[in-house]
Amino acid sequence: MKDFEETQNNSYWRQFYSNQKEDIKIEPTNFAVFSYRYIETHFEKNFNNLKMLDIGCGNGRDVFFFRENGIEATGVDANFSHESEYILKEDVLEILGRENGYDIYYARFFLHTIPESKLNDLLLKISQQMSTNSILLFETRSSRDHGHADKSITNFKGQVGDKHYRILYSRTYLENKVNKNFRVLYADENTGLATYKTEDPTVIRMILGKK
């Protein structure tokens, strides 16, 4: 059963993406470009049959960016409002429960939208599926902008509809969470990484390998 906060968030994001134009092939995020450079090095530019799952892919712009650059990317977002053969409108845990695994797991601005219990389930399923060379790359908002707590739950008034909640973590908190099942290959917590118009939030970037 979904938490009330998750149901509320789903309603918000369905409305948000339904307001966007159907031509969704827009510029990739900064994190996608950063991730692509890391992927090039990690897999030594050998993209043959390289499979990626973009978790919480939003409007799909990073999915199309990776596909245009030789990676077999599939997006998953239950709130995606248009139609695309490359994007699944399902719950990510259901997909991970039936798939054999991916080379790359990618999640931008998704982890802070789900309850911590679901985050724990997601990380566990990914760690169980990963091969020795698989990687998980994620970018999420940090709790640093709301004080120095390890975890902060906030209600954010966005561009459409009602408020939606965010659960924010510190880099240290996330590192402690992932250390059981993953190796931390890269970690950063900083501003200047995800700027948008006048916004410059503190975000956490991590790249994880199988332990």
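Each value in this text was obtained by applying a stated rule to the coordinates, not by laboratory testing. Fair warning: this is a prediction, and the values are worked out from it, not measured in the lab. In this analysis, Cβ positions are derived from the backbone assuming ideal geometry, glycine residues included, and neighbour counts consider all displayed protein chains.
The table below gives the values:
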quantity: Cα-Cα over 23 Å, subset of Lys118/Lys210; Lys118/Lys151; Lys89/Lys177; Lys45/Lys180; calculated: Lys89/Lys177; Lys45/Lys180
quantity: Relative contact order (%) - the range 4-210, alpha-carbon pairs under 8 angstrom, separation at least six; calculated: 19 percent
quantity: Likely footprinting exposure, Tyr38, Tyr186, fewest C-beta neighbours within 10 Å first; calculated: Tyr186, Tyr38
quantity: Where the Cα pairs of the range 4-210 fall when distances are cut into 5 Å bins, in %; calculated: 1, 7, 15, 20, 22, 19, 11, 4, 1, 0
quantity: Largest-first principal axis extents, alpha carbons of the range 50-118, Å; calculated: 34, 27, 19
quantity: Cut-off 11 Å between beta-carbons: net charge of the residues surrounding Gly58, Lys and Arg +1, Asp and Glu -1; calculated: -1
quantity: Neighbour net charge for Phe182 - beta-carbon separation under 10 angstrom, K R +1, D E -1; calculated: +4
quantity: Extension gain from Asn48 to Tyr173, taking 0.36 nm per residue of separation minus the Cα-Cα distance; calculated: 41.4 nm
quantity: Cut-off 14 Å between beta-carbons: net charge of the residues surrounding Thr132, Lys and Arg +1, Asp and Glu -1; calculated: +2
quantity: Restricting the range 51-108 to GluC sites (Glu not before Pro) in coil, as DSSP defines it, with at most 15 other Cβ within 10 Å; calculated: Glu83, Glu85, Glu90, Glu99
